[in-house]
1. Between ALA199 and residues 5 or more places away or on another chain, which pairs have amide H atoms under 5 Å apart, with H built 1.01 Å from N, and which residues are they?
2. List every residue whose amide H lies under 5 Å from the amide H of ILE40, counting only residues 5 or more places away in sequence or on a different chain, with H placed 1.01 Å from N in the peptide plane.
3. Using amide H atoms built in the peptide plane, which far-off residues or other-chain residues are under 5 Å from VAL241 H to H?
4. Using only DSSP helix segments of four residues or longer, with each worth -39500 (n - 2.57), what per-residue ellipticity at 222 nm results for the chain after dividing by its residue count and rounding to 500?
5. Label-point separation (nm) for ASP169 and ASP238, each offset 7 Å from Cα along Cα-to-Cβ?
6. Can you run phi through the Karplus equation (6.51, -1.76, 1.60; θ = phi - 60°) for the range 109-115 and list ³J(HN,Hα) in whole Hz, with x for Gly and Pro?
7. For SER205 and LYS83, calculate 0.36 nm times their separation in residues minus their Cα-Cα distance, and state this gained length in nm to one decimal.
8. What relative contact order, as a whole-number percentage, does the chain give when Cα pairs under 8 Å and 6 or more residues apart are counted?
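Derivation of every value follows stated rules applied to the coordinates shown; laboratory data play no part. Treat the numbers as computed from the prediction; the structure is a model and nothing was measured. Virtual Cβ from ideal backbone geometry, glycine too; neighbours counted across all protein chains shown.
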Amino acid sequence: MSLGEFGMSAKANPATLYDRAHHAAEVIRARAKLQPSVAIVLGSGLGAFADDLAESSAIPYSEFPGFARATVEGHAGKLVIGKAGEVPVAAMQGRFHFYEGYSLEDVTFPVRVLKLLGVRTLILTNAAGSLNVEFTPGSLMVISDHINLMGVNPLIGPNDDRFGPRFPDLTATYSPELQNLVIEEAKGMGLDMRRGVYASLTGPSYETPAEIHMVRTLGGDAVGMSTVPEAIVARHMDIQVIGISCITNLAAGVSNRPVDHSQVINTGERVREQFTELLRRVIARLK
């Protein structure tokens, strides 16, 4: 089956979201050699981690029912299932974005599917602009909390109790215990990793200096165009969440330099080795 059979919205198909997610999970299970307990979403320029997984199967999103198509540079659009050390992992090389024209149901559909595959912990990575002068390009930030400035929530609409409760608690969206684990491993590598608050806007235009000033006033340390919808849906289904931002640029107004996507890709390439090593160390402790 293809995306065309399901369309870009659940409204075009009578099957429930749960039924469609369950079907996609069964298709993936039949193709993969392993059952993952950990999943990772790899943001712009960060997809190389999946290339090093052992015993892996790499399958384009286009071969899974209900999956959208990744259209952004730096997002390969493949699901790679393999082993990081001894831990079976599902790695998404690229994600879907609200700004691509997809609904948030489409954006978060893979997270629903990963839960039904047996995933218990989700690592969300992204490329982000820094609002904090202490977070310089090339540094990593573990997400302690988020601010949803997208103007919409992925849980709007009918709730299916098979996924989770109508009103999920987001007091600890990003597990404090797992934040500590990430920071411990980063320190063991000699990395100066900080905690910070990630703010998500819709994009695709980069933020104006005035918008960045607003987000800084609200308490944001980094800004991007993803991650928050996935984190909300993951917690709705009781998946533990780790968030890691790769700081790729200083946001508008923090620096006088214009922002463009090539900075994002180039910085992701520059930190690839230390980033992938950090992920390996963290995943090894998620058995």
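1. It is ILE147, ASP221, ALA222, VAL223, GLY224, by chain and number.
2. Amide H neighbours of ILE40, under 5 Å, 5+ apart: ALA90, ALA91, MET92, ILE123.
3. LEU122, SER175
4. Calculated from helices alone, the mean residue ellipticity at 222 nm is -9000 deg cm²/dmol.
5. Rounded to a tenth, the inter-label distance reads 1.3 nm.
6. 3, x, 5, 4, 5, 4, 4
7. That works out to 40.3 nm of additional length.
8. The value is 24 percent.
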